[in-house]
Amino acid sequence: MRSPDPWLDEFLARERLPAAYAQTVQSVAVPLAERIAAAARPGGIVVGLCGPQASGKSTLTAVLGRLLEARGLRVAALSLDDLYLTRAERAELAGRAHPLLATRGAPGTHDVALGRNLLVQLRRPGRTLLPRFDKAADDRGPGEAFEGPADVVIFEGWCVGAAPQPAAALAQPVNELERVRDEDGTWRRFVNAQLEGPYRELFAGLDLLILLQAPGFEVVLAWRQEQERKLRERLAREGAGGKRAMSDEEVAAFIAHYERLTRWILAEMPARADVVVTLDAGRRATLRP
């Protein structure tokens, strides 16, 4: 069945989304867009969109952007992933603080100062260069320009808005990665300190916080492996030279870096998020009353 909006049909086809996603647009994205539009004010607002890996943040961000633009608002999208430090910068950090910081993902592996500056600049008149991170190359790629000012900045990422854990919660490892490679807890204490300091300042600029709530960490791995398989297929179609995507086994090892904080967010954030969108294992979304 075709949707009543031609742009939505084109979007579903381009993103290879099932026709059923049109229902998500009507039941979740449209009400969210209405709430965001109602909150808009002179000088612009920043909307934080938090969700675990492969939960559909980028897709929802694109749909919200289209819906808000249809309401006459200028929208800029910024992904936390695009703020990752370069591979060389993470290598330097790993040598200085902890070897696990060579892997992108955890707080401490982003350029927080750049993020704070961008959230301000995007709401001002003029041209802002947005960074782009190439995950297949695991390094920074060419950026894109946005002509401001933005009325709404959608800032999406897997730990956007995350709060630090209590110190006592850091004592016990949550998985084999932490047991073997962070035996004394140095890495997880470093990550938590980042949330207490620089990231708290970054997230303080959020005017509205939306959480995409997965049913549990266990389903996130399957989602992430599916996402990487699609990346492998795309790179094969494009003949992308030396770029590569991870195998299922590599994804499992990679996502272990995210497990502690993902579990903490799913347990802690729903009580304070402004909006919670619950997801089932098939990523069917429901806007929580």
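The values are calculated or read from the model by the stated rules, or taken from the named source; none is laboratory data. The shown structure was predicted, so the numbers you read here are calculated from the model rather than taken from an experiment. FYI the Cβ positions are ideal-geometry reconstructions off the backbone, even for glycines, and counts take in every protein chain you see.
Buried (at least 20 other Cβ atoms within 10 Å of the Cβ), at pLDDT 90 or above and assigned to a helix (DSSP H, G or I): is that true of LEU68 in this structure?
yes
Kindly indicate whether ALA91 is farther than 30 Å from VAL30 by Cα, modelled with pLDDT of 95 or more and either of a type in the set (Asp, Glu) or surrounded by fewer than 17 Cβ atoms within 10 Å (Cβ to Cβ) (or both).
The answer is yes for ALA91.
If you check LEU279 against the conditions, is it within 22 Å of ALA94 (Cβ to Cβ) and buried (at least 16 other Cβ atoms within 10 Å of the Cβ)?
no
Looking at GLY143, GLY197, GLY185, which is the one that is in contact with a Lys or Arg (Cβ under 7 Å, 6 or more places away or on another chain), surrounded by fewer than 21 Cβ atoms within 10 Å (Cβ to Cβ) and among the small types (Gly, Ala, Ser)?
The unique qualifying residue is GLY143.
Residues being surrounded by fewer than 20 Cβ atoms within 10 Å (Cβ to Cβ), in contact with an Asp or Glu (Cβ under 9 Å, 6 or more places away or on another chain) and in a helix (DSSP H, G or I): count how many of those fall in region 38-60.
So the answer is 3.
Within the group GLY239, GLY197, which residue is on the phi > 0 side of the Ramachandran plot and out of contact with any Phe, Trp or Tyr (no Cβ under 9 Å at 6 or more places or on another chain)?
When all the criteria are applied, what remains is GLY239.
Name the one entry in GLU176, GLU218, GLU201, GLU196 that is more than 22 Å from the chain's Cα centre (by Cα) and either among the small types (Gly, Ala, Ser) or more than 30 Å from ARG66 (Cβ to Cβ) (or both).
It is GLU176.
In region 168-182, which residue that is farther than 30 Å from ARG288 by Cβ and in contact (Cβ under 8 Å) with a residue 40 or more places away in the chain is surrounded by the fewest Cβ atoms within 10 Å (Cβ to Cβ)?
GLU176
Please count how many residues of region 46-70 are closer than 19 Å to ALA162 by Cα, of a type in the set (A, V, I, L, M) and touching a strand residue (DSSP E or B) at 6+ places or on another chain (Cβ under 6 Å).
So the count comes out to 3.
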